[in-house]
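The values are calculated or read from the model by the stated rules, or taken from the named source; none is laboratory data. Please read all numbers here as calculations on a predicted model, not as lab measurements. Here the Cβ is made from the backbone with ideal geometry for all residues, glycine too, and neighbour counts use every protein chain on show. Remember, those area values only see protein heavy atoms, side chains included, never the ligands or the DNA or RNA. Shrake-Rupley method; radii C 1.70, N 1.55, O 1.52, S 1.80 Å.
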Amino acid sequence: MSRQAPSQPAPRGRPRDPRTRAAILAAARALLERGGLTSVTIEAIAQKAEVSRPTIYRYWPNAPAVAMAAFLETTGAAEAAKSPRTPLAALRAQLHALADAFAAPAGRSVAAMVAAAQSETELAKAFRNEFIARNRDATRALLERCIADKAIAPPEDMELSLDLIFGPLFYRLLMGHAPITRGFVDQLLAAVIPARD
């Protein structure tokens, strides 16, 4: 009598619904634009998105994480990074989208609160994980495409190049001594990854 292989356990809970995720992010974006980061609470998101609090926690660990995910989508950086244009133009568009986002009222609110936050708060962690890491990953992919297309020379150290691109952006963001503009982004790109002649 042969033994049957143990069956795989059924996944716990219902599968995640992309429409629910979109509704949560839309609610968080509306709250962010109307009242800044302090208005984005789990209770307010749940009420506006017409979902339960546990549903939100299935996607994100806390309200700052939801707010940062929503802010990331408002920048348009992810869409710019995936655009069909040349990799170098897509990279420029991605960083221009970030500059535009931080010039808007919601972006200034995010910048002010992140600058005031301690490094281990939920807000600071959400900013690092939801915003910085995702934009950095998108930029790395675009730089790799630029190298494959021979649009730029391969950098000696990819991670250092990414630091040199994002370091000045977030220095201006946190210190507030000068604006993040499209012109500043263009200067950064020209200095860090000059295009091949």
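Ordered from largest to smallest accessible area (heavy atoms of protein chains, 1.4 Å probe), the residues LEU143, LEU160 come out as LEU160, LEU143. For the set SER52, SER161, the ranking by accessible area, highest first and with no ligand, DNA or RNA atoms included, is SER52, SER161 under a 1.4 Å probe. MET175 exposes around 120 Å² of accessible area when a 1.4 Å probe is run over every protein chain in place. For chymotrypsin sites (Phe, Trp or Tyr not before Pro), no site in the stretch 139-197 is both called loop by DSSP and has at most 10 other Cβ atoms within 10 Å.
Quick one: Debye curve from the C-alpha atoms of the chain, no solvent, what's log10 I(q)/I(0) at q = 0.12, 0.17, 0.18 Å⁻¹? Scattering profile of the chain, log10 relative to I(0): -0.66, -1.11, -1.19. Computed about the Cα centre, the dipole magnitude for the chain is approximately 740 debye when only Lys and Arg (+1) and Asp and Glu (-1) carry charge, each at its Cβ.
Loop exposure criterion: trypsin sites (Lys or Arg not before Pro), DSSP state outside H, G, I, E and B, at most 13 other Cβ atoms within 10 Å. Applied to the chain, the longest stretch between such sites is 17-81. Entry comment: accessible area of the chain is 58 Å² per residue, from protein heavy atoms only and a probe of 1.4 Å. Taking the C-alpha atoms only, the angle from helix 158-175 to the longest principal axis of the chain is near 90 degrees. The share of accessible area on the stretch 53-186 that comes from carbon and sulfur is 58 percent, using a 1.4 angstrom probe.
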